[in-house]
Amino acid sequence: MIYSGLLPPLLSAVLLFLLVTRLYSRQGLVRRRFLPFFLSAISFATLTVILTETLSAFSALSPKGLTNAWRFSAAVLLVMNLLLSRLYPPLPATPTVRQAFLRPNFMSSLSPRLRVRLEAAFRSAVPNDRLSVLLVALLLCLLLLTLAVAIVYPPNNVDSINYHVARVMHWSQQRSVAHYPTAIWMQLQGAPLAEFFLLNLYLLTGADALLNLAQWFSLLLAVFAVYSASDLLFPRSGLAAAVLAASVPMGVLQATSTQNDLVAASWLAVAVYLGLCVLRNPKITFVLFFTTLALGLAILAKPTVFPIAGPFAIVFFGYLLSRRVPFPALVLSAALILLPSMPFYVRNIAFFGSPYGPTAGYRNDELSAVGVTSNVIRNVALHSQVPLSGVIFDTFNSGALGILRMFHEVLGVPVDDMHFSMLKANAFRPTHVFHEDSTGNPLHLALFVTFLPIALVDVFRWSTGFREARRRVVACRAVPLMWCVVVGFVIVSGFLKWQPWGSRLDLPLFILACVPLGGLVAGLRRTVRGILLICFLSYALTAVCLNASRPVSPPLSTAPFDRRAAYFANRPDLLKPYMEISQAIKAVGCHQIGYRIGNDPFEYPFWVLLSEGGYRFRFEHVDIASHPSQRLRDMSFNPCAIISPDAVASYEGTFEDVRFGSYHLYVGRRTP
């Protein structure tokens, strides 16, 4: 069974949870719901990074090497748990409690005080009204639906095909995460945490069937983190916040893909929750270290987290300084932010000369008030689009674009000014499909824009009434978080060029915005709150069902589901030539295959099609003399076939040119 390789990491995860729970219980701290779970999740992710980087240093990133590493980790964790159980034995249960477990009526046999505490805990954990039960049921339906889609569909997102999953294939081929010769910069310079998870899943299972689960578990982690953070600040608001976080359209669409925005958003949400726990009790230094480590994991997943987390980090460390937290502890915790990324930084600095490689095409050419305002307006307009067909939606989307152009006429700059944009003219146009690259979050944007001025008014409203006083307390806690989200949005707009797919970069901001929004929505009247949250869940379910890349209808139809064709959901025109090229290569028995990307880096399906039937091959990029990665080329690699999306005159004397649609397959006249 291909999934048996997952047993060692799963066992390590369970042992880590038991170890962290045992250590946490000995601290004598106030119990926080899910806090041991988050601490163990951070530990597991950090362990994954350590094992991956360590094996990579010895070129031992193979299925056998990784399995043995996880087995060794599980053995070490088991020994640590046994030692701690000897050092800190569990407190013996009282005879009353021990005997009560054996009696038929357990609750009635407990002492009145213990019974009250258990019943209160049960009521706080389980919904006790019809609206809450309905919301939990819809939330579970949404999560289970995305889980099913993530399992059924293969990785088919365009970015995943080009570099997210493609780099995983190169790493597994060379048994290392070191840089390799390629013309696709993002395969080298992109932050690798999400791909580390994909690499572990691929090597341990030998297939890509579970790769989408990395993002799905990130959605689950983000929902739990938002629930916990909102419930900590605004009691009994966790469910509303969790529903809002789970229903972010960009989030549920990415939860079934192999991108990395949701991975970054989940660890940032965990860092914010742990930061709130530290602010409640600054003396818990070990939680402070886990907070900054979670932030470091978010940065290792996607560097755009830096400007998003900046306002939150400034407020967090500023408050800790005001509470006179030991300065060495703050310095050490700040150093942990960069610790997970250090091996990645070392590789990039040695190759590119900078931690994140060439970024000139992504940053704004100049910093000006006009440019920042233009990007803010265009990014807001991205999230205001409703990707549904119909006269009402078309009119609304056209009106939003009209307002966008009117604002730019007032600013005196074109809508597609190349100083602040990545694409040329006509890049901003309405979309009528739900897609994980471009879908906005219109309902969440409208809710945020509506509640921000209301919360500001409530902050300065003074009243002796209980309801008004409660609203003021909620607003005083919500406004700082909302302003951090606004400032982060402005910083991202001022730093990065506008792009049509920029809405996915804002996903961490929308996830974090659900924390204060949950507290504000929970204060609404029950009927209004129920209708609002059901509308959000319904819109998210619509987005999942109508996903352009992974719709729900094909797997449910009576016709057999073609998993091979699903790889080409975004490029159906390439299915036939890719299959014919793969069959032709196998027919001539070529095992060293070169790939010339040209202007079409749609790489990963070749790895899948060529590996069918257990065919063994070596796949590397060629004709990259103009790229610095050329110096990494292995001179022993001598391709007997080269795949190219366009004709290459220099190959004609050495290779035979075979056309497959728009693609060319150059086969050596003398096959090695």
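The values are calculated or read from the model by the stated rules, or taken from the named source; none is laboratory data. Values in this document were obtained by computation on a predicted structure and should not be read as measured data. Cβ placement follows ideal geometry from the backbone for every residue including glycine, while neighbour counts extend to all protein chains displayed. Just the protein is used for accessible areas: all its heavy atoms, side chains included, with ligands, DNA and RNA removed. Shrake-Rupley method; radii C 1.70, N 1.55, O 1.52, S 1.80 Å.
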Relative to the longest principal axis of the C-alpha atoms of the chain, give the angle of the C-alpha long axis of helix 112-125, reported between 0 and 90° and rounded to the nearest 10°. 40
Given Cβ charges of +1 for Lys and Arg and -1 for Asp and Glu, the option among Ile308, Phe37, Ile534 whose Cα lies farthest towards the positive end of the dipole of the chain is Phe37
I'd like the isolated cysteines in the chain, meaning no second cysteine's beta-carbon lies under 4.7 angstrom from theirs. Cys141, Cys277, Cys476, Cys484, Cys514, Cys535, Cys545
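In the neighborhood of Gly440, defined by Cβ-to-Cβ distances under 13 Å, what is the net charge if each Lys or Arg adds +1 and each Asp or Glu adds -1? Mind showing how you got there, number by number?
On the way: positive: Arg378, Arg504; negative: Glu436, Asp437, Asp506.
Net local charge, Gly440 excluded: -1.
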Angle between the chain longest axis and helix 213-233 axis [Cα atoms, degrees, rounded to 10]: 20
Charges only on Cβ, +1 for Lys and Arg, -1 for Asp and Glu: so what's the dipole of the chain about the Cα centre, in debye to the nearest 20? 3160
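Using R₀ = 22 Å, calculate the FRET efficiency as 1/(1 + (r/R₀)^6) where r is the Cβ-Cβ separation of Ala647 and Trp185; round to 0.05. Write down the numbers at each step before the final one.
Values: r = 24 Å, r/R0 = 1.11.
Taking R0 as 22 Å, the efficiency between Ala647 and Trp185 is 0.35.
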Contact order normalised by length for region 153-207, with contacts defined as Cα pairs under 8 Å and 6 or more residues apart; what percent is it? 38
Skip the ligands, DNA and RNA, and give the accessible area per residue of region 248-336 with a 1.4 Å probe, whole Å². 31
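Run the numbers for Cys141 and Val79: contour at 0.36 nm per residue of separation, minus the present Cα-Cα distance, in nm.
Values: separation 62, 0.36 × 62 = 22.32 nm, distance 3.96 nm.
Roughly 18.4 nm would be gained on extension.
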What angle, in degrees between 0 and 90 and rounded to the nearest 10, separates the Cα long axis of helix 305-322 from the longest principal axis of the Cα atoms of the chain? 30
His664 long-range amide H proximity, modeled H, under 5 Å: Ser644, Asp646
Once label points are set 7 Å from the Cα along Cα→Cβ at both Val486 and Asp600, what is their separation, rounded to one decimal in nm? 4.8
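With the radius of gyration and the Kirkwood radius both derived from the Cα set of region 481-558, what is their ratio Rg to Rh?
My calculation puts Rg/Rh at 1.09.
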Please list, or write none, the lysines whose alpha carbon is within less than 28 Å of the alpha carbon of Lys64, excluding same-chain residues fewer than 8 places away. Lys586
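Test of the criteria: in region 1-79, which chymotrypsin sites (Phe, Trp or Tyr not before Pro) are in a DSSP loop and have at most 13 other Cβ atoms within 10 angstrom of their Cβ? Don't jump to the answer; show the numbers that get you there.
Numbers: sites: Tyr3, Phe17, Tyr24, Phe34, Phe37, Phe38, Phe44, Phe58, Trp70, Phe72; in loops: Phe34, Phe58.
Passing both the DSSP loop test and the Cβ count: Phe58.
What share of the DSSP beta bridges in the chain is antiparallel, in percent to the nearest 5? Display every interim value, and only then the final one.
On the way: 11 of 20 bridges.
Among the beta bridges of the chain, antiparallel pairing accounts for roughly 55 percent.
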For region 526-672, which semi-axes, largest first and in whole Å, follow from the square roots of 5 times the eigenvalues of its Cα gyration tensor? 42, 18, 13
What lysines does Lys302 reach when the alpha-carbon gap must be under 28 Å and sequence neighbours fewer than 8 apart in one chain are set aside? Lys424, Lys497
Given an 8 Å cut-off on Cα distances and at least 6 residues of separation, report the relative contact order of the chain as a percent. 16
Starting from the Cα-Cα distance between Ala360 and Arg563, subtract it from 0.36 nm times their residue separation and give me the gain in nm to one decimal. 69.3 nm
If I take every Cα pair under 8 Å that is 6 or more residues apart in region 462-541, average their sequence separation and divide by the length, what percent do I get for the relative contact order? 35
How much mean residue ellipticity at 222 nm does the chain get from its helices, if each DSSP H run of length 4 or more adds -39500 (n - 2.57) and you divide by all residues, to the nearest 500 deg cm²/dmol? -19500 deg cm²/dmol
Total charge of the residues flanking Leu496 in space, meaning their Cβ is under 13 Å from its Cβ, with Lys and Arg +1 and Asp and Glu -1, is +3
For region 251-303, I need the span (max minus min coordinate) of the C-alpha atoms along each principal axis, in Å, sorted largest to smallest. 40, 19, 13
Given a Förster distance of 56 angstrom, what is the FRET efficiency for Ser636 paired with Met418, based on the Cβ-Cβ distance and rounded to 0.05? 0.80
Separation of alpha-carbon centers, region 276-298 and region 600-628, rounded to whole Å: 43
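Test of the criteria: in region 378-427, which trypsin sites (Lys or Arg not before Pro) are in a DSSP loop and have at most 11 other Cβ atoms within 10 angstrom of their Cβ? Walk me through the numbers before you get to the answer.
Working: sites: Arg378, Arg405, Lys424; in loops: Lys424.
Counting only loop positions with at most 11 other Cβ atoms within 10 Å, the trypsin sites (Lys or Arg not before Pro) in region 378-427 are Lys424.
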Just name one of Thr291, Val149, Met342: the one whose Cα is farthest towards the positive end of the charge dipole of the chain (beta-carbon charges, Lys/Arg +1, Asp/Glu -1). Thr291
If I compute solvent accessible area with a 1.4 Å probe over the protein chains, what percent of it on region 524-600 is carbon and sulfur? 60
Cα atoms only: what Rg and Dmax, in Å, come out for the chain? 26.7, 91
Roughly how big is region 287-436's charge dipole about its Cα centre, with Cβ charges of +1 (Lys, Arg) and -1 (Asp, Glu), in debye to the nearest 20? 480
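Assuming R0 = 22 Å, what is the FRET efficiency of Ile151 and Leu556, from their Cβ-Cβ distance, to the nearest 0.05?
Values: r = 14 Å, r/R0 = 0.63.
It comes out at approximately 0.95.
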